[in-house]
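Okay, so here's the structure we're looking at.
Values quoted throughout were computed directly from the atomic coordinates according to the rules given, and no laboratory measurement underlies them. Note that the structure is predicted; figures quoted are calculated from it, not measured. Neighbour counts are summed over all protein chains in view; Cβ atoms, including those assigned to glycine, are modelled from backbone coordinates with ideal geometry.
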Amino acid sequence: MSQSLYNEQNGQDPERLFTMSVLTEDKSGLLNHITIIFSRRKINISSLNVSTTEVAGVSRFTIVVHSTREQAEKVVKQIRKLVDVLGAFLYEEDQVHYQEIALYKVPTKIFMGGNKIEKLVRDNGARILVIEEDYIVLEKTGHKDETSDLFKKLEPYGVLEFVRSGRVAISMSKRKTETFIKELEEIKTNLLLQ
């Protein structure tokens, strides 16, 4: 029996995957401040992605961790206290839409032996990104288990390189980032006036 299942059956908070979405001002050095919070609590980050948002000057950190809800909530509360953080949100797996991208470099010669590899690529929803004399780069977008599955299927043919991005996620909530930022600015302005 896994420790997670044992904990759940005994009323303990089981470890599972959580996605944290952190909206920040676009400032340098913030990544270090955020990752220190995880290090202090000895929580490993499974994946991390930082990108721009639809609001100019605002970045979004998408952080995936494997922890208990209690640990994850504490981390989010600590992140919210950072000066340049505008908001931090915690999501369960069923509360976000997410994808990852994987790239596979395989020898060109494996495509010379017939349609078997081309069918494998097509059946797994991958596409050819680059064709060079010695290698071909394939691209697959999907969840981690899907990109890992394609890697296992390609492995017998000789994968020269494999890389997978961090998770990119959007919450299922109807909240708009721009609206949230405006509400936050109004609250801060009202607090200053009081």
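A few points about this structure:
- Near GLU92, once Lys and Arg are set to +1 and Asp and Glu to -1 for all other residues with Cβ below 9 Å from its Cβ, the sum equals 0.
- Helix axis angle, 30-40 relative to the chain longest principal axis, alpha carbon, degrees: 90 degrees
- Folded to 0 to 90 degrees: helix 177-193 orientation relative to the chain principal axis, Cα: 20 degrees
- Unsatisfied cross-links (Cα-Cα over 23 Å) in the set LYS77/LYS144; LYS42/LYS105; LYS105/LYS140; LYS109/LYS153: LYS77/LYS144; LYS42/LYS105
- Calculated diffusion of region 72-194, Stokes-Einstein form, Kirkwood radius summed over Cα pairs, 4 °C and 1.567 mPa s, µm²/s: 72 µm²/s
- Taking the Cα centre of the chain as origin and assigning +1 to Lys and Arg Cβ atoms and -1 to Asp and Glu Cβ atoms, the resulting dipole is close to 260 debye.
- Under 13 Å, Cβ to Cβ, from ILE101 - net charge with Lys/Arg +1 and Asp/Glu -1: +2
- DSSP loop trypsin sites (Lys or Arg not before Pro) with at most 16 other Cβ within 10 Å: longest gap in the chain: 82-173
- Taking the helices alone, the chain has a mean residue ellipticity at 222 nm of -10500 deg cm²/dmol, built from -39,500 (n - 2.57) per DSSP H run of at least 4 residues and averaged over all its residues.
- Using only side-chain charges placed at the Cβ, +1 for Lys and Arg and -1 for Asp and Glu, the dipole size of region 3-91 relative to its Cα centre rounds to 260 debye.
- Cα lying deepest toward the dipole's positive end in the chain, options VAL58, VAL168, THR147, charges on Cβ: VAL58
- Using alpha-carbon coordinates, inclination of helix 69-80 to the longest axis of the chain, degrees: 70 degrees
- If you take all other residues with their beta carbon under 14 Å from the beta carbon of LYS119, and give Lys and Arg +1 and Asp and Glu -1, the sum is +2.
- Take every Cα pair under 8 Å whose residues are at least 6 apart in sequence, average their separation, divide by the length of the chain, and the relative contact order is 23 percent.
- Each of VAL85, VAL75 has some number of other Cβ atoms within 10 Å of its Cβ, and from fewest to most they run VAL85, VAL75.
- Taking the number of Cβ atoms within 10 Å of each Cβ as an exposure proxy, the fewest-first ranking of THR68, THR35 is THR35, THR68.
- Close amide H partners of ARG16, meaning residues 5 or more places away or on another chain with modelled amide H under 5 Å apart, are SER67, THR68.
- In summary, region 99-167 shows an alpha-carbon radius of gyration equal to 1.01 times the 2.2 N^0.38 Å reference for compact globular proteins.
- Computed over region 3-91, the Cα gyration tensor eigenvalues convert (square root of 5λ each) into semi-axes of 27, 12, 10 Å, ordered from largest to smallest.
- When +1 charges are put on Lys and Arg Cβ atoms and -1 charges on Asp and Glu Cβ atoms, the dipole computed for region 99-167 relative to its Cα centre reaches about 180 debye.
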